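For reference, the structure discussed in these notes is given below.
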Amino acid sequence: MDFDLLMPTSAAEAIALMQENPNARYLAGGTDLVPNLRRGIGAPDILIGLDGVEDLKGISEGGDYLTLGAGVTLAELEGSGLSGRYGALSAAVDIAGPALRQAATIGGNLCLDTRCIFYNQSKWWRNANQYCLKLDGDTCHVAPKGQRCHAAFSGDLAPALMVLGAEVRVVGPNADGWKPISDLYHEDGLAHLTLAPGDLLVAVRLPVVSRDLRSGYLKSRLRKAVDFPLAGVAVALRREGDAITDLRVGVTGTNPRPLLFDGLVGGMDQGPNDDALSAITKEIGQMIKPMRTTNLPGLYRRQMVTVLTRRLITDLYDAGDRKE
């Protein structure tokens with residue numbers, strides 16, 4: 001595939017180039033985009049490289065926020081030492097393998113394309129199956145009688161950042177401001193990002209973590225490294241005495257967007273008893289929709305969300321006993 005590579009040095013220049021070339025694609029680390037291009041998933045004439053955009057770089061902590069440039073690599077985040085104070089973020093950054101983390105970026109993981117076993121295949125394979133609703137076809141092979149694409153979002157960082165109260169800064173022809181990270185997504189396997197044409201994710205910020213907030217992230221995947229999560233769960237909670245006073249759960253790998261559940265403190269006056277945990281996982285279970293988009297069935301991934309949620313809540317709650 002032939003294409004021109006443009007290398008802007010600022011976010012404004014990158015956005016201007018995208019406006020001039022609306023069929024172009026932004027290219028950061030390329031760990032998701034390049035394999036898809038090799039499979040014939042997209043054929044842009046122009047790639048706009050973001051490596052030289054200084055606006056996307058840097059990690060800073062000042063005032064009430066930790067700010068992460070969207071172009072910061074996962075390896076840079078991992079080596080910064082900052083993520084260790086944010087348990088969910090520290091665990092979630094264990095993505096793919098060390099070599100890929102040298103290239104992959106925070107923004108790229110947040111903007112990861114949705115995935116499906118009928119979509120992430122070579123062109124000849126997709127042609128043999130008459131393509132699919134997400135690209136070049138008119139049928140979702142996961143749910144042939146439906147009219148929706150069920151490809152799943154599988155980024156690790158989004159649920160971790162969600163439970164930590166993160167916001168994203170999006171800059172574009174008609175945008176420049178901060179918004180909750182959950183507003184970056186909607187439930188659409190075809191186009192799960194709410195970014196308008198030309199919009200660029202510039203940075204992420206999250207509140208400086210207070211000592212009483214405990215968080216973590218767990219995921220299920222076929223292999224310990226490289227594979228995308230079949231299901232991932234992030235949890236953040238606050239404990240006062242025996243009671244859980246604040247509880248947030250983020251889920252990835254089941255829907256076309258990552259999901260955030262908050263205000264889940266009912267029945268937690270005496271800690272995470274079985275009834276309270278069952279009520280929480282039941283509420284989450286009503287919203288998650290794991291379909292046949294991976295090598296393992298949806299029922300397994302649904303069960304893993306329940307297992308990981310219960311395990312994380314219990315472990316984070318018990319961590320207070322070990323410190324007190």
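The values are calculated or read from the model by the stated rules, or taken from the named source; none is laboratory data. Source: prediction; values computed, not measured. Neighbour counts are summed over all protein chains in view; Cβ atoms, including those assigned to glycine, are modelled from backbone coordinates with ideal geometry.
When the strands (runs of 3 or more DSSP E) confined to the range 168-276 are screened for residues that are farther than 19 Å from VAL305 by Cβ, those reaching at least 2 such residues are found at 175-180, 200-207, 213-220, 231-240, 243-252.
Is it the case, given these coordinates, that ILE95 is touching a strand residue (DSSP E or B) at 6+ places or on another chain (Cβ under 8 Å), part of a loop (DSSP other than H, G, I, E, B) and either under 30 Å from LEU316 (Cβ atoms) or of a type in the set (A, V, I, L, M, F, W, C) (or both)? No; evaluated as a whole, the condition is false for this residue.
Per-residue answers, yes or no, for (1) small (Gly, Ala, Ser); (2) under 29 Å from SER10 (Cβ atoms); (3) in contact with a Gly (Cβ under 7 Å, 6 or more places away or on another chain); (4) in the same structural domain as GLU13 (by TED's automatic domain parsing):
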| site | (1), (2), (3), (4) |
| --- | --- |
| GLY79 | yes, yes, no, no |
| ALA91 | yes, no, yes, no |
| ILE95 | no, yes, no, no |
| ARG101 | no, yes, no, no |
| ASN127 | no, no, no, no |
| GLN130 | no, no, yes, no |
| ASP136 | no, no, no, no |
| VAL142 | no, no, no, no |
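Each residue in the range 303-315 was checked for being in contact (Cβ under 8 Å) with a residue 60 or more places away in the chain and either surrounded by 18 or more Cβ atoms within 10 Å (Cβ to Cβ) or not assigned by TED's automatic domain parsing to the domain that holds ARG239 (or both), and 6 pass.
Identify, from the list GLY40, GLY52, GLY107, the residue that is small (Gly, Ala, Ser) and either surrounded by 20 or more Cβ atoms within 10 Å (Cβ to Cβ) or assigned to a strand (DSSP E or B) (or both).
Numbers: GLY40 fails: either surrounded by 20 or more Cβ atoms within 10 Å (Cβ to Cβ) or assigned to a strand (DSSP E or B) (or both); GLY52 fails: either surrounded by 20 or more Cβ atoms within 10 Å (Cβ to Cβ) or assigned to a strand (DSSP E or B) (or both).
Checking each option against the conditions leaves just GLY107.
State the number of residues belonging to the range 1-37 that are part of a loop (DSSP other than H, G, I, E, B) and either over 22 Å from ASP136 (Cβ atoms) or not acidic (Asp, Glu) (or both). Result for the range 1-37: 14. Residues in the range 218-243 that are within 17 Å of ILE280 (Cβ to Cβ) and crowded, with 24+ Cβ neighbours inside 10 Å: ALA231, GLY232, VAL233, ALA234, VAL235, ALA236, LEU237. In the set (1) in contact with a strand residue (DSSP E or B) (Cβ under 8 Å, 6 or more places away or on another chain); (2) in contact (Cβ under 8 Å) with a residue 40 or more places away in the chain; (3) among the aliphatic types (A, V, I, L, M), the condition left unmet by ILE284 is number (2). If you filter the range 110-125 down to residues that are in contact (Cβ under 8 Å) with a residue 12 or more places away in the chain and either part of a helix (DSSP H, G or I) or in contact with a Lys or Arg (Cβ under 6 Å, 6 or more places away or on another chain) (or both), you find that the one that is surrounded by the fewest Cβ atoms within 10 Å (Cβ to Cβ) is SER122.
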